[in-house]
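K.L.:
One structure is given below, represented as structure tokens, and several questions about it will come after.
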């Protein structure tokens with residue numbers, strides 16, 4: 001039974017935290033007591049588990065909307081409070097069974113020993129929470145790519161690209177005014193998280209109002225992820241219809257272009273670094289997205305996509321729109337519009 | 001020295017002083033209480049005096065290491081993969097840390113024993129200490145302190161100057177309007193190059209071109225906002241962009257850098273890369289966007305206009321097109337001359353924009 005991508009994402013994130021804080025516990029034990037035992041790691045791992053669960057809780061989502069530094073401090077503070085409460089209760093109960101007196105327990109809880117332990121745990125939490133934030137600044141998994149130097153020399157690879165654009169963004173921008181339009185985009189982009197995780201894609205870049213998504217052919221073709229992404233975003237927008245209408249008076253409408261092919265992946269820049277995709281497929285995907293208005297479609301893909309999956313699918317319907325001469329392409333490209341067949345059934349997919 | 005470098009050195013030094021304060025207080029409070037508990041005798045240590053000594057030493061050593069890193073080592077290793085660079089730096093700094101810690105311990109021990117530096121007893125005690133868990137932990141602690149600080153700096157540089165700080169402070173957590181200068185630079189005839197060179201060589205050409213941009217960016221105080229394919233977007237605040245004509249000078253500086261490297265480009269790729277550019281100034285909204293992948297994004301007409309200027313270079317047969325607001329903002333007596341080349345109608349705007357060609361007089 002394969003796990004839902006979102007469950008897998010959470011499990012991976014929580015287990016990373018368990019191991020990381022476990023190692024911190026071990027190091028603390030070595031530094032502090034100059035001994036090594038299963039205790040240091042286990043205690044750290046338990047704290048890590050607590051941290052992981054809290055990071056995926058509603059509390060974290062609430063605090064997460066604060067600015068970076070405030071969010072990190074507030075999270076670390078709140079978590080350590082909860083952790084201290086949990087461990088003190090556990091210690092108290094354990095002491096109770098071991099026949100310790102209340103005074104002994106009180107003396108321990110206020111000893112420099114305990115203060116240092118809590119202080120250290122706070123620092124570890126703060127570091128972990130900040131690193132997670134920084135990882136988001138870079139994009140998930142990107143840090144590992146830089147550290148390994150994997151794309152220091154360009155590498156050839158097959159990739160699926162999806163350009164997602166807001167329909168009539170100019171008109172919306174004029175209506176909302178610059179400040180509200182910016183907030184509108186902020187809100188819209190924030191809602192892309194779940195669709196991205198659920199479709200196992202990677203957000204490559206924000207270009208103006210557009211976003212560029214990338215999949216490896218395997219991940220993109222699996223469960224038709226690259227196509228499902230578009231409809232997941234639409235569904236998310238539909239769910240938040242009232243919120244968008246209430247706050248901005250307008251609901252985002254999206255269009256997208258999908259294409260696939262061979263590109264080069266390269267680390268560029270030495271001052272400000274970036275991982276870039278070079279090659280025709282990415283431009284073609286952009287052109288396909290731009291063709292949407294012309295043919296009155298919301299979601300277009302190139303016929304090349306069918307080397308990855310069959311055009312006969314029970315969930316999606318592909319309608320041929322004909323051959324198009326796209327700018328920068330010598331040969332005309334066959335385009336198909338994509339629609340979802342059963343709106344209701346797809347909601348319990350996976 | 002550049003303000004930017006100075007800030008980096010300041011950050012590193014402060015970071016390490018904090019680390020020093022922490023370890024001294026920790027040693028003072030916890031270890032002493034441990035020793036007292038184990039030996040049953042009261043130990044008196046003057047934490048304040050210790051703090052003074054350690055902070056002073058850290059200030060000097062930290063500033064030296066920071067200067068070495070920011071002014072020399074970082075530039076030397078900039079073109080290496082990040083992981084390799086960090087590894088090489090770790091090796092270098094840990095070696096230094098070992099040497100300096102040993103020396104410090106040697107002096108202290110010699111002083112306490114009232115013996116010569118190379119006296120057998122002194123050396124034996126120093127060796128014992130350095131190989132004890134305490135000694136190893138001291139080295140490990142300082143290695144982590146040094147490496148984590150350098151890592152923060154690397155990440156900050158990767159994100160673009162000032163971006164990490166803006167995120168930390170939540171400056172653009174709510175969208176903010178700012179007046180900025182934008183320079184869009186685009187590789188000329190990139191489609192032809194891509195076909196002529198093949199994908200792999202083309203990708204390496206772009207890598208080389210953007211790596212050559214580093215000097216210009218540093219010299220002219222620019223920020224790299226984004227790379228979009230074969231295009232790069234530089235931004236400045238009004239103050240930084242107008243000072244010394246930075247925003248214009250940057251383009252000519254980059255152009256010259258590429259021309260100086262012509263033999264290399266000709267030999268490696270058989271082509272000479274040239275960039276065309278649009279320069280504009282105006283109000284945009286700056287906002288933090290995204291959750292899973294956060295970014296500082298700029299939105300506004302000023303950006304679209306800049307892109308249009310850059311696109312029109314070919315039509316006007318110019319390398320650099322400048323908008324009216326930029327020409328007005330730059331002082332008269334600057335090292336540039338502006339020649340009007342025409343007007344550019346813009347989508348959604350009733351008044352077309354006047355467009356100028358900028359020519360460097362004294363470069």
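The values are calculated or read from the model by the stated rules, or taken from the named source; none is laboratory data. What you see is a predicted model; the values in this text were computed from it and never measured. Glycine also receives a Cβ, built like all others from the backbone with ideal geometry; neighbour counts cover every protein chain displayed.
K.L.:
Applying the selection to segment A:150-174, what residues are surrounded by 14 or more Cβ atoms within 10 Å (Cβ to Cβ), assigned to a helix (DSSP H, G or I) and more than 9 Å from chain B (Cβ to nearest Cβ)?
P.N.:
Of everything in segment A:150-174, those that are surrounded by 14 or more Cβ atoms within 10 Å (Cβ to Cβ), assigned to a helix (DSSP H, G or I) and more than 9 Å from chain B (Cβ to nearest Cβ) turn out to be A:169, A:172.
K.L.:
Could you tell me which of the residues B:171, B:176 is at pLDDT 90 or above and either at the interface with chain A (Cβ under 10 Å from one of its Cβ atoms) or under 30 Å from residue A:177 (Cβ atoms) (or both)?
P.N.:
The conditions single out B:176.
K.L.:
Report yes if residue A:116 is surrounded by 16 or more Cβ atoms within 10 Å (Cβ to Cβ), in the same structural domain as residue A:31 (by TED's automatic domain parsing) and within 25 Å of the chain's Cα centre (by Cα), otherwise no.
P.N.:
So residue A:116 fails the test.
K.L.:
Looking at segment B:202-239 only, could you name the residues that are more than 30 Å from residue A:281 (Cβ to Cβ) and either touching a strand residue (DSSP E or B) at 6+ places or on another chain (Cβ under 6 Å) or surrounded by 18 or more Cβ atoms within 10 Å (Cβ to Cβ) (or both)? Outline the logic, then answer.
P.N.:
To start, the set of residues in segment B:202-239 that are more than 30 Å from residue A:281 (Cβ to Cβ) comprises B:215-216, B:218-222, B:236-239.
If the condition is that a residue be more than 30 Å from residue A:281 (Cβ to Cβ) and either touching a strand residue (DSSP E or B) at 6+ places or on another chain (Cβ under 6 Å) or surrounded by 18 or more Cβ atoms within 10 Å (Cβ to Cβ) (or both), then B:216, B:220, B:221, B:222, B:236, B:238 are the ones that fit.
K.L.:
Find all pairs meeting these conditions: Cβ atoms under 6 angstrom apart; at least six residues apart or on different chains; first residue within segment B:278-293 and at positive phi and within 11 Å of chain A (Cβ to nearest Cβ); second residue at pLDDT 95 or above and surrounded by 24 or more Cβ atoms within 10 Å (Cβ to Cβ).
P.N.:
Pairs found: none.
K.L.:
Would you say residue B:265 is more than 14 Å from chain A (Cβ to nearest Cβ) and not in a loop (DSSP other than H, G, I, E, B)?
P.N.:
Yes; evaluated as a whole, the condition is true for this residue.
K.L.:
Also, I was wondering about something else. I need the full set of residues from segment A:175-201 which are closer than 19 Å to residue A:8 by Cβ and more than 8 Å from chain B (Cβ to nearest Cβ), in order please. If you could, list the steps in order and put the result at the bottom.
P.N.:
First, the residues of segment A:175-201 that are closer than 19 Å to residue A:8 by Cβ: A:192-201.
Result: A:194, A:195, A:198, A:199, A:200, A:201.
K.L.:
Which residues, taken from segment A:55-71, are at pLDDT 85 or above and surrounded by 20 or more Cβ atoms within 10 Å (Cβ to Cβ)?
P.N.:
A:55, A:71, listed by residue number.
K.L.:
Looking for something assigned to a helix (DSSP H, G or I), within 26 Å of residue B:189 (Cβ to Cβ), free of Cβ contacts under 8 Å to residues at least 24 places away in the same chain and within 28 Å of the chain's Cα centre (by Cα) - is there at least one such residue anywhere in segment B:242-261?
P.N.:
The answer is yes, given that some residue of segment B:242-261 is assigned to a helix (DSSP H, G or I), within 26 Å of residue B:189 (Cβ to Cβ), free of Cβ contacts under 8 Å to residues at least 24 places away in the same chain and within 28 Å of the chain's Cα centre (by Cα).
K.L.:
For the condition within 26 Å of residue A:49 (Cβ to Cβ) and away from chain B (no Cβ under 14 Å), what is the one hit in A:81, A:141, A:99?
P.N.:
Just a single option satisfies the conditions, and that option is A:81.
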